[in-house]
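Asks: Sharing a structure, written as structure tokens. Questions coming.
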Amino acid sequence: MAKAASQIEMPIGVVVRKTPGVTRWAKWNWRAVAVLPGAGPADWQELRREGEAVEYHAATLPLRLWTDETEAYMVNLSDGQPSIYLVLRDTLDGKRPMDAVLVTASPFEGQDYADTGEEIVEKIPMTEGLIAWVRDFTLEHHHDEVFVKRRRDKKRTDLVEDGKGDARIRQTSDVYRAPRRFVQ
């Protein structure tokens, strides 16, 4: 019996729109607006321009689906609008506006990157074909984990250890000795 693949991947192009900023502190506003499943390579290729707004095919990155992360994909697919999460990072060389680091279908992984505060994580709606591709993979590889209630150990909790401490010390002021119980 052949073992199923632990992952599959598809190249995903990401479209990023640059618009003028609305405050004096941010000259430009960058927003991921679309995905292009099966796209070829690109590096901030201009797609269209409307006045000062410009859309770029910023990058093509592999979207990898892992058999271990099917629960995360189920959460994503059950959302009202299943999405792809794009992770963007400021460039160090200044040749590009930003570096597209990763695309993922896992909302958990997207949240992990958002929590660092060093990357920008954009949520992009999936296309119908991409939803079907992720759904088919997830349904094929997802196995519900059965909840198993932890059993208590057999230690008796009704036993009383009155006056626990060092039996050789007979002082009443010993802080390590529990007070004795008196039976009336």
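The values are calculated or read from the model by the stated rules, or taken from the named source; none is laboratory data. All figures in this text were calculated on a predicted structure; none of them were measured in a lab. Cβ sites come from the backbone with ideal geometry, for glycine too, and all protein chains shown count toward neighbours. For the accessible areas, the whole protein counts, side chains as well, though only heavy atoms, and no ligand, DNA or RNA atoms are used. Shrake-Rupley method; radii C 1.70, N 1.55, O 1.52, S 1.80 Å.
Asks: For segment 80-114: of the residues being more than 21 Å from I8 (Cβ to Cβ) and open to solvent by less than 40 Å² (accessible area, probe 1.4 Å), which is nearest to the chain's Cα centre (by Cα)? Let's see the steps before the verdict.
Replies: Step one: list which residues in segment 80-114 are more than 21 Å from I8 (Cβ to Cβ), which gives 80-81, 88-99, 111-114.
From the residues that got through so far, the ones that are open to solvent by less than 40 Å² (accessible area, probe 1.4 Å) too are 88, 91, 98.
On the way: L88: 14, T91: 22, M98: 21 Å.
Applying the filter and picking the extreme gives L88.
Asks: Return yes when G117 is on the phi > 0 side of the Ramachandran plot, open to solvent by 50 Å² or more (accessible area, probe 1.4 Å) and not β-branched (V, I, T) and no when it is not. Before you say what the answer is, go through the steps one by one.
Replies: Working: on the phi > 0 side of the Ramachandran plot: yes; open to solvent by 50 Å² or more (accessible area, probe 1.4 Å): yes; not β-branched (V, I, T): yes.
In short, yes.
Asks: Another one. Given the conditions (1) modelled with pLDDT under 90; (2) exposed (fewer than 10 other Cβ atoms within 10 Å of the Cβ); (3) of a type outside the set (S, T, Y); (4) under 28 Å from the mean Cα position of the chain (by Cα), and given that A167 satisfies all but one, which numbered condition is not satisfied?
Replies: (4)
Asks: Quick check on my filter: what residues within segment 130-146 are assigned to a loop (DSSP other than H, G, I, E, B) and open to solvent by 100 Å² or more (accessible area, probe 1.4 Å)?
Replies: So the first thing to find is which residues in segment 130-146 are assigned to a loop (DSSP other than H, G, I, E, B), and the list is 142-146.
Result: H143, D144, E145, V146.
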